[in-house]
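Below: one structure, written as structure tokens.
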Amino acid sequence: MAGTDQEAVRNKQVALKHYVSGFPKESDMSVVTSSISLKIPQGSKDTVLLKNIFLSCDPYMRGRMNKSDSPFFVAPFQPDPPLNGYGVAKVVDSTHPNYEKGDLVWGFTGWEEYSLVTCPELLIKIQHTDVPLSYYTGILGMPGMTAYAGFYEVCSPKKGEYVYVSAASGAVGQLVGQFAKLVGCYLVGSAGRKKRYFLEGIDIYFENVGGKMVDAVLLNMRLRGRIAVCGMISQYNLEKPEGVHNLMQVVGKRIRMEGFLAGDYYHLYSKYLDMILPFIKEGKMKYVEDVAEGIESAPAALVGLFSGKNVGKQLVVVHGK
């Protein structure tokens, strides 16, 4: 519970200097230092104070750097306040009945060393600590739920089907590929370039790239194929996104093409854990991480997503446990 001790500590933060057009640069962000009390202010109800351990670098964050009147599925960042996104943290202080000092959580937090969170409903308490804690930025966090929902819930795979995954070395793509193999599908994944290994066509395409990639895939989809649209990273930094020219293929081949968000499926999180945790512990699922050390490295780590510098899930270590 909150107390009267107002001990203050340094709090390094990553902030957006200004809105971005084109490819983001490290110089579009700044690392600033403020201070924060390790006790929640008196009278603050249902609030938690977090010590951030890991921060997650995710491609969708690029859209939040734009100043745009067009609707986006999450609010844009504001210049000067710290960025926010997914992370893993430890509760330092709490006035919320569901959280106690020492609890480990994953969910939305600030890009800073410590965060005062007034909407802890965006946090999920970590119950399983016999796996790497960093996994809750990836395979056991939002990217894991994205891969699970997009592949199993949107695409409904069947053994023997032909599956193509673009951006297959990323946080989500590497999981979809392994899920496809577990189901017994024929799998091809690409990282950066198209591959031509589908002489009999594609039943399921897990879309992470957009642009010319999806245009080429549409020509190779099989009858009643399914496309799960997770993201379009090739388009995020373009002032004028590329058009798609082969959409009539959707009609003739009766293709189902569906966009989705992981948040639509968080009610299935416990079901997902029941499936994935045994696979992790038995060595049937592998997860590659690309780890940057220190909050000062966060801008470079985030920008690197858009030039292919990362291999696997990009995350930033802020504090040890």
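Here are some notes:
- Residue-span extension gain [residue 274 to residue 238] - 0.36 nm each, minus C-alpha spacing: 9.0 nm
- Efficiency of FRET from Cβ geometry, residue 181 and residue 35, R₀ 45 Å, rounded to 0.05: 0.35
- Look at the dipole of the stretch 61-149 built from charges on Cβ: of 86, 104, 66, the Cα furthest out on the positive end belongs to 66.
- Of 75, 167, 149, the one that fluctuates the most in a GNM where the chain has Cα springs shorter than 10 Å: 75
- Spatially close lysines, pair count over the stretch 142-264: Cα under 17 Å, gap of eight or more or interchain: 5
- Share of carbon and sulfur in the accessible heavy-atom surface of the stretch 142-264 [1.4 Å probe, %]: 54
- Here residue 277 sits with roughly 10 square angstrom of accessible surface, probe radius 1.4 Å.
- Restriction of the GluC sites (Glu not before Pro) in the stretch 82-188 to DSSP coil positions whose beta-carbon has at most 14 other beta-carbons within 10 angstrom yields 100.
- Alpha carbon centroid spacing (whole Å) that separates the stretch 210-262 from the stretch 1-72: 34
- Annotation: the antiparallel percentage among DSSP beta bridges lying fully within the chain is about 60.
- Top positive-direction residue, dipole computed over the stretch 142-264 with Cβ charges, set 263, 247, 150: 247
- Think of a 1.4 Å ball rolled over the protein heavy atoms: the stretch 142-264 then has 47 Å² of accessible area per residue.
- Solvent accessible area, Å² - residue 274, 1.4 Å probe, full protein context: 120
- Taking Lys and Arg as +1 and Asp and Glu as -1, the other residues whose beta-carbon sits under 12 Å from that of residue 106 total +1.
- Highest mobility in the GNM of the chain, judged by mean-square fluctuation with C-alpha springs under 10 Å and restricted to 78, 127, 174, is found for 127.
- Accessible-area ranking of 37, 166, largest first, probe 1.4 Å: 37, 166
- Highest average packing first - 53-65, 245-257, Cβ atoms within 10 Å: 53-65, 245-257
- With θ taken as phi - 60° and the Karplus curve 6.51 cos²θ - 1.76 cosθ + 1.60 applied, the whole-hertz 3J(HN,Hα) list for the stretch 52-62 is 6, 9, 10, 10, 9, 9, 10, x, 4, 5, 4 Hz, x standing for glycine and proline.
- Where labels lie 7 Å past Cα in the beta-carbon direction, separation of residue 46 and residue 159 in nm: 4.8
- Cα-centred dipole magnitude for the stretch 142-264, charges only on beta-carbon of K, R (+1) and D, E (-1), debye, nearest 20: 440
- Length available on full extension from residue 119 to residue 199: 0.36 nm per residue minus the Cα-Cα distance, which gives 23.8 nm.
- Listed residues 12, 39, 281, most fluctuating in the chain (Gaussian network, C-alpha, under 10 Å): 281
The values are calculated or read from the model by the stated rules, or taken from the named source; none is laboratory data. Since this is a predicted model, take the numbers as computed values, not measurements. Counting neighbours? That spans all protein chains shown, and the Cβs are built from the backbone with ideal geometry, glycine included. Ligands, DNA and RNA are excluded from the accessible area calculation, which covers all protein heavy atoms including side chains. Shrake-Rupley method; radii C 1.70, N 1.55, O 1.52, S 1.80 Å.
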